[in-house]
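K.L.:
Have a look at this one before I ask anything.
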Amino acid sequence: MFQPRYTITPKLLANIKRVTALITELNQKRLSRVVLFDFERRAREISAHASTSIEGNPLPLTDVKKILKNMPRHIRDTEREVLNYNKALKYLNGLAEKNKTALTLPLTLKIHALVMDGLLPKFKVGQLRQEPVFVNDIRTRQPVYLPPDHQEVARLMDDLLKFAAPGHRTLDPLIVAGIFHKQFVIVHPFLDGNGRTTRLATKVLLASLGLNTFNLFSFENYYNKNVTKYFQNVGLIGNYYDLKSTIDFTPWLEYFTDGIIDELLRVGGELSLAHATPRTELEPYHRAIIAYIKKHGFIRDRDYAKLTPRARPTRHLDLRKLIKLDLIKRQGKARGSYYVLKNK
């Protein structure tokens, strides 16, 4: 029986409460179907780009968007990875809409088959591995982790799926999903494609637990911002059999919930912009301010002056409007003041 070790730290508890509050806030927004459709499309684009990029796919987001829009017939493996992931996202979102997201071994194998179609020999697609594997450092390509023997994979996956089953719903959904994510990576049940399958299976589990991440946001996006940190938190270094009795899921759970919060805040901010009225409509120069802050973390008046020919008093009015709309906030004093996005 799988009995993970973890601690409900003050940070983890605060993160869980924050996620609940942010989800409640998002659920209270009333948006048109056109806006929601656009957000679903963008969420798939970001997820397909981020999750494949984590595994080393070099395609930038702009290329990913073009590929998903044009659906080319003659493709390279890098393009196939993106198309496969998008296909899996659509398939699983369809299940979520029908409330058919019970995470079982057949569904897990189906996810792997969708992700790795055309990327592995057919007899290894959608099949638990029947051979030993090494996990390589994504940067050095040197082996850093030896997963469990392949003879144990079926039992370990059965234990993990039982842990994630409805009988464990007394635990907070974020804890269940977070532990599932890391343990899946530790077991490494497939010859290849484990990371992408893990992240999709976690999305399925979150949907079954009441947090559907398919239609609006992409927690993969947070991991892709710092891939090294993601692998440091989710993986292990060494031999599974030397490490299994010492694994503490607490640091990963804090990081996992940090990622959910980060993405909910991003989506919440974008939904606020999409919900504009004539009184709150943002002009291109307002959006330029927000885009600059997203890229650099902050903006000063002299930075804004380089983006627009608008006079200084007018620039101050532009920044003040964004403050009133609760999109940014001012920090610092006098000449040292600057503006950052406001976390809601």
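K.L.:
Checking PRO309 against (1) free of Cβ contacts under 8 Å to residues at least 24 places away in the same chain; (2) in the same structural domain as TYR222 (by TED's automatic domain parsing); (3) exposed (fewer than 12 other Cβ atoms within 10 Å of the Cβ), which single condition isn't satisfied?
P.N.:
The number of the failed condition is (2).
K.L.:
Here's another thing I want to ask about it. Could you tell me whether region 25-46 includes any residue that is farther than 23 Å from LEU271 by Cβ, touching a residue at least 24 places away in the same chain (Cβ under 8 Å) and out of contact with any strand residue (DSSP E or B) (no Cβ under 6 Å at 6 or more places or on another chain)? Reasoning before the result, please.
P.N.:
Taking region 25-46 and keeping what is farther than 23 Å from LEU271 by Cβ, we get none.
Checking region 25-46: not a single residue is farther than 23 Å from LEU271 by Cβ, touching a residue at least 24 places away in the same chain (Cβ under 8 Å) and out of contact with any strand residue (DSSP E or B) (no Cβ under 6 Å at 6 or more places or on another chain).
K.L.:
Go through region 206-239 and give me each residue that's modelled with pLDDT of 90 or more, within 29 Å of ASP38 (Cβ to Cβ) and hydrophobic (A, V, I, L, M, F, W, C). If you could, list the steps in order and put the result at the bottom.
P.N.:
Step one: list which residues in region 206-239 are modelled with pLDDT of 90 or more, which gives 220-239.
With within 29 Å of ASP38 (Cβ to Cβ) added as a condition, the list becomes 220-227, 230.
Of everything in region 206-239, just one residue is modelled with pLDDT of 90 or more, within 29 Å of ASP38 (Cβ to Cβ) and hydrophobic (A, V, I, L, M, F, W, C), namely VAL227.
K.L.:
Right, here's the next one. Please specify each residue of region 214-233 satisfying the condition of being without any contact (Cβ under 8 Å) to a residue 40 or more places away in the chain and within 11 Å of the chain's Cα centre (by Cα).
P.N.:
Within region 214-233, LYS225 is the sole residue that qualifies.
K.L.:
Kindly indicate which of ILE289, ILE293, ILE260 is out of contact with any helix residue (DSSP H, G or I) (no Cβ under 8 Å at 6 or more places or on another chain) and not hydroxyl-bearing (Ser, Thr, Tyr).
P.N.:
That would be ILE293, the only listed residue that is out of contact with any helix residue (DSSP H, G or I) (no Cβ under 8 Å at 6 or more places or on another chain) and not hydroxyl-bearing (Ser, Thr, Tyr).
K.L.:
Can you confirm whether region 249-260 contains a residue that is crowded, with 19+ Cβ neighbours inside 10 Å and under 23 Å from ASP326 (Cα atoms)?
P.N.:
Yes, region 249-260 contains a residue that is crowded, with 19+ Cβ neighbours inside 10 Å and under 23 Å from ASP326 (Cα atoms).
K.L.:
With closer than 13 Å to VAL204 by Cβ, modelled with pLDDT under 95, of a type in the set (S, T, N, Q) and loosely packed, with under 14 Cβ neighbours inside 10 Å as the only criterion, which of ASN99, ASN136, ASN93 stands out? Let's see the steps before the verdict.
P.N.:
Values: ASN136 fails: closer than 13 Å to VAL204 by Cβ; ASN93 fails: loosely packed, with under 14 Cβ neighbours inside 10 Å.
Of the residues listed, the single one that is closer than 13 Å to VAL204 by Cβ, modelled with pLDDT under 95, of a type in the set (S, T, N, Q) and loosely packed, with under 14 Cβ neighbours inside 10 Å is ASN99.
K.L.:
What number of residues in region 119-133 are outside any helix (DSSP H, G or I) and surrounded by fewer than 14 Cβ atoms within 10 Å (Cβ to Cβ)? Working first, answer last.
P.N.:
If we filter region 119-133 for residues that are outside any helix (DSSP H, G or I), which is where we start, we get 119-121, 125-133.
From the residues that got through so far, the ones that are surrounded by fewer than 14 Cβ atoms within 10 Å (Cβ to Cβ) too are 121, 130-132.
Count: 4.
K.L.:
Same structure, new question: Can you tell me which of (1) buried (at least 17 other Cβ atoms within 10 Å of the Cβ); (2) within 25 Å of ASN224 (Cβ to Cβ) is the one THR78 doesn't meet?
P.N.:
Against the list (1) buried (at least 17 other Cβ atoms within 10 Å of the Cβ); (2) within 25 Å of ASN224 (Cβ to Cβ), THR78 comes up short only on (1).
K.L.:
Continuing with this model, one more query. Just one of ARG315, ARG335, ARG287, ARG302 is touching an Asp or Glu at 6+ places or on another chain (Cβ under 7 Å) and either surrounded by 13 or more Cβ atoms within 10 Å (Cβ to Cβ) or in a helix (DSSP H, G or I) (or both); which is it? So that I can check it myself, show each step before the final result.
P.N.:
Values: ARG335 fails: touching an Asp or Glu at 6+ places or on another chain (Cβ under 7 Å); ARG287 fails: touching an Asp or Glu at 6+ places or on another chain (Cβ under 7 Å); ARG302 fails: touching an Asp or Glu at 6+ places or on another chain (Cβ under 7 Å).
After applying the criteria, what remains is ARG315.
K.L.:
Okay, moving on. Filter region 163-216 for residues that are aliphatic (A, V, I, L, M) and outside any helix (DSSP H, G or I); which is farthest from GLU254 (Cα to Cα)? Reasoning before the result, please.
P.N.:
Of region 163-216, the ones aliphatic (A, V, I, L, M) are 164-165, 171, 174-177, 179, 185-187, 191, 200-201, 204-207, 209, 211, 216.
Then drop every residue that is not outside any helix (DSSP H, G or I), which leaves 164-165, 171, 191, 209, 211, 216.
On the way: ALA164: 19, ALA165: 22, LEU171: 15, LEU191: 29, LEU209: 19, LEU211: 17, LEU216: 22 Å.
Residue satisfying both the conditions and the ranking: LEU191.
K.L.:
Among the numbered criteria (1) surrounded by 18 or more Cβ atoms within 10 Å (Cβ to Cβ); (2) free of Cβ contacts under 8 Å to residues at least 60 places away in the same chain; (3) of a type in the set (A, V, I, L, M), which single criterion is violated by MET116?
P.N.:
Single failed check for MET116: (2).
K.L.:
Please count how many residues of region 70-98 are within 21 Å of the chain's Cα centre (by Cα) and either aliphatic (A, V, I, L, M) or within 22 Å of PHE37 (Cβ to Cβ) (or both). Before you say what the answer is, go through the steps one by one.
P.N.:
Initially, region 70-98 is screened for residues within 21 Å of the chain's Cα centre (by Cα), giving 78-97.
Applying the additional criterion that residues be either aliphatic (A, V, I, L, M) or within 22 Å of PHE37 (Cβ to Cβ) (or both) yields 82-83, 85-97.
Residues that pass the stated criteria total 15.
K.L.:
One residue is enough: does region 60-79 have a residue meeting the conditions modelled with pLDDT of 85 or more and closer than 18 Å to LEU200 by Cβ?
P.N.:
The answer is yes; a qualifying residue exists.
K.L.:
So which residues in region 168-179 are without any contact (Cβ under 8 Å) to a residue 40 or more places away in the chain and closer than 17 Å to THR202 by Cα, if there are any at all?
P.N.:
Kept after step one, since they are without any contact (Cβ under 8 Å) to a residue 40 or more places away in the chain, are these residues of region 168-179: 168, 170-171, 173, 176.
HIS168, LEU171, PRO173, VAL176 - these are the residues of region 168-179 that are without any contact (Cβ under 8 Å) to a residue 40 or more places away in the chain and closer than 17 Å to THR202 by Cα.
K.L.:
A further question follows. For residues that are closer than 10 Å to PRO189 by Cα and either surrounded by fewer than 18 Cβ atoms within 10 Å (Cβ to Cβ) or among the polar types (S, T, N, Q) (or both), tally how many sit in region 150-162.
P.N.:
Our first condition is that a residue be closer than 10 Å to PRO189 by Cα; within region 150-162, this holds for 150, 152-154, 156-157.
After this cut, where a residue has to be either surrounded by fewer than 18 Cβ atoms within 10 Å (Cβ to Cβ) or among the polar types (S, T, N, Q) (or both) as well, the list is 150, 152, 154.
Total meeting the criteria: 3.
K.L.:
Which of the residues belonging to region 179-194 are of a type outside the set (D, E, K, R) and either more than 22 Å from LEU243 (Cα to Cα) or out of contact with any helix residue (DSSP H, G or I) (no Cβ under 6 Å at 6 or more places or on another chain) (or both)? Can you show your working first?
P.N.:
Let us first name the residues in region 179-194 that are of a type outside the set (D, E, K, R), namely 179-181, 183-191, 193-194.
Result: ILE179, ILE186, GLY193, ASN194.
K.L.:
Look at region 9-24 and say how many of its residues are in contact (Cβ under 8 Å) with a residue 12 or more places away in the chain and either under 18 Å from VAL176 (Cα atoms) or of a type in the set (Gly, Ala, Ser) (or both).
P.N.:
From region 9-24, those in contact (Cβ under 8 Å) with a residue 12 or more places away in the chain are 9, 11-12, 15-16, 18-19, 22-23; that's our starting set.
Pick out the ones that are also either under 18 Å from VAL176 (Cα atoms) or of a type in the set (Gly, Ala, Ser) (or both) and you get 9, 11-12, 15-16, 18-19, 23.
Number of matching residues: 8.
K.L.:
Still on this structure, please answer the following. For ARG129, all conditions in the list (1) farther than 17 Å from THR198 by Cβ; (2) in contact (Cβ under 8 Å) with a residue 40 or more places away in the chain; (3) not β-branched (Val, Ile, Thr) hold save one; what is the number of the exception?
P.N.:
Answer for ARG129: the failing condition is (1).
The values are calculated or read from the model by the stated rules, or taken from the named source; none is laboratory data. Computed from a predicted model, the values in this text were never measured in an experiment. With ideal geometry, Cβ positions are generated from the backbone for all residues, glycine too; neighbour counts draw on all protein chains shown.
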